[in-house]
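The values are calculated or read from the model by the stated rules, or taken from the named source; none is laboratory data. Everything numeric here is computed off the predicted structure, so don't read it as measured data. Quick reminder, even Gly has a Cβ in these numbers, built from the backbone with ideal geometry, and neighbours come from all protein chains shown.
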Amino acid sequence: MRKDYYAILGVSPDADKEEIRRAFRKLARETHPDANPDDPAAEQRFREVAEAYEVLSDPDRRRAYDHGEQIDLSDLLMGGFDDLLRSVFGTGAFGFGGRQARRRGRDLSVRTSITLADAAFGTTVDVTYPAVVACAACSGTGAAPGASVQTCGRCGGSGSIQVTRRSFFGAMTTVETCGRCGGSGQEVTQPCPVCGGHGLVRGEQHINVEVPAGITDGARLRLAGRGDAGGPGGTNGDLYVEIRIEPDDRFERDGDDLVTRVPVSIVQATLGATVQVPLIDGSETSLDIPPGTQPGAVLRVEGAGMGRLGRRGRGDLRVVVDVEVPTKLSKEEDRLLRRYAEERGDAVRAKRRFL
Ligand SMILES: [Zn+2]
Ligand SMILES: [Zn+2]
């Protein structure tokens, strides 16, 4: 059954990021199992609140949820609750969270724009974005120079501990993440002064993104492991690159086809002609306008459209013929057209006389 995450957090569906964050902070304090040691239902409530926050605090997940899409919860909360709470309350809130949590870095989103021509043929774009990266000072270990990483003294390196609680149902033993090492099973004798032992710092990432031919405007490319670094023993988040296609003043896209307009005179349309038509790659091709071509007629240049995404070949270029009616005529042109009208028996407006 679909959960109402807005109702769980007690916010309205148009709540902004800050309202959602505030609501979560309040509910997390109230429902956290540590705050309710005698209530076995507390953990379930806390899980729901955390799940709602994980979905609604991420713009992409929230959009998907609002559209009624199924949210894949398997990769949510992978970093554990400690990780989630640390991101909202800061390190060490509630007295838990070790120096080195075995965590998954957050997913990141960036947006980049390309030309229609690049979308037609595929391209490579350089993307630079802020990200949490491994600390260079300690190579991401979190240990100060000369210090060592050793097995956690509390959990013996397993990263988890058994906790027995008395509850309404009697003594209950659960396995929980070790609070001293944050689940990594390791701790350092002296933390790195640059990163404070996290093994992570704020920095910048740079990546070349292969954009396939035929990509659509607004498409998102997922680059596994290129999001925030996860820290010692953890995994990196993913990077989502949203591709925007800049509008082109000569071509419009229609699926795999491109559409352009070419102007021809009434005489060219009537008698037929060969005209030059621009192509998306910047070159031109000759196009035959058959005699008697009507205004708005569509001619096709096969294989001159967009690359087909994930397939071979290209769409077509559709050329719409714009028959231009002259608004100014020379004396001789006027005379010839009147002669033509006379030949056809067409009634035309008499020539304006200037006195
Ligand atoms: Zn460091
Ligand atoms: Zn431990």
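Only residues that are more than 16 Å from ligand 2 (Cβ to nearest atom) and surrounded by 15 or more Cβ atoms within 10 Å (Cβ to Cβ) were counted in the range 174-193, giving 1.
Of all the residues in the range 269-298, those that are touching a residue at least 24 places away in the same chain (Cβ under 8 Å) and either part of a loop (DSSP other than H, G, I, E, B) or out of contact with any Lys or Arg (no Cβ under 6 Å at 6 or more places or on another chain) (or both) number 13.
Of Gly203, Gly225, Gly214, all but one fail to be in contact with a Leu (Cβ under 9 Å, 6 or more places away or on another chain), under 15 Å from Leu108 (Cα atoms) and either at pLDDT 95 or above or more than 16 Å from ligand 2 (Cβ to nearest atom) (or both); the exception is Gly225. Of the residues making up the range 108-140, those that are of a type outside the set (A, V, I, L, M, F, W, C) and either within 16 Å of ligand 2 (Cβ to nearest atom) or assigned to a strand (DSSP E or B) (or both) number 10.
Here the range 243-272 is the region considered, the condition is being of a type in the set (Gly, Ala, Ser) and on the phi < 0 side of the Ramachandran plot, and the residue that is surrounded by the most Cβ atoms within 10 Å (Cβ to Cβ) is Ala269. Across the range 132-165, the number of residues qualifying as within 16 Å of ligand 1 (Cβ to nearest atom) and within 22 Å of Arg104 (Cα to Cα) comes to 13.
Against the criterion of being assigned by TED's automatic domain parsing to the domain that holds Thr115 and within 16 Å of ligand 2 (Cβ to nearest atom), Gly196 does not qualify. Evaluation of Tyr240 against the conditions (1) surrounded by fewer than 10 Cβ atoms within 10 Å (Cβ to Cβ); (2) hydroxyl-bearing (Ser, Thr, Tyr); (3) within 30 Å of Val132 (Cβ to Cβ) shows that the sole unmet condition is (1).
Which residue, of Thr123, Thr112, Thr141, is within 19 Å of Gly185 (Cα to Cα) and in contact (Cβ under 8 Å) with a residue 12 or more places away in the chain? Reasoning before the result, please.
Working: Thr123 fails: within 19 Å of Gly185 (Cα to Cα); Thr112 fails: within 19 Å of Gly185 (Cα to Cα).
After ruling out the rest, the residue left standing is Thr141.
Scanning the range 304-312 finds one or more residues that are surrounded by fewer than 17 Cβ atoms within 10 Å (Cβ to Cβ), within 21 Å of Ser113 (Cβ to Cβ) and not assigned by TED's automatic domain parsing to the domain that holds Ser113.
Residue-level check: of (1) buried (at least 18 other Cβ atoms within 10 Å of the Cβ); (2) more than 16 Å from ligand 1 (Cβ to nearest atom), Gly230 misses just (2). Checking the structure you have, find out if any residue of the range 48-59 is farther than 22 Å from Val241 by Cα and not in a helix (DSSP H, G or I). Within the range 48-59 (the criterion being farther than 22 Å from Val241 by Cα and not in a helix (DSSP H, G or I)), the answer is no, since none of the residues qualifies.
For the range 194-226, give me the residue count where each residue is within 16 Å of ligand 1 (Cβ to nearest atom) and surrounded by 12 or more Cβ atoms within 10 Å (Cβ to Cβ). Of the residues in the range 194-226, 9 are within 16 Å of ligand 1 (Cβ to nearest atom) and surrounded by 12 or more Cβ atoms within 10 Å (Cβ to Cβ).
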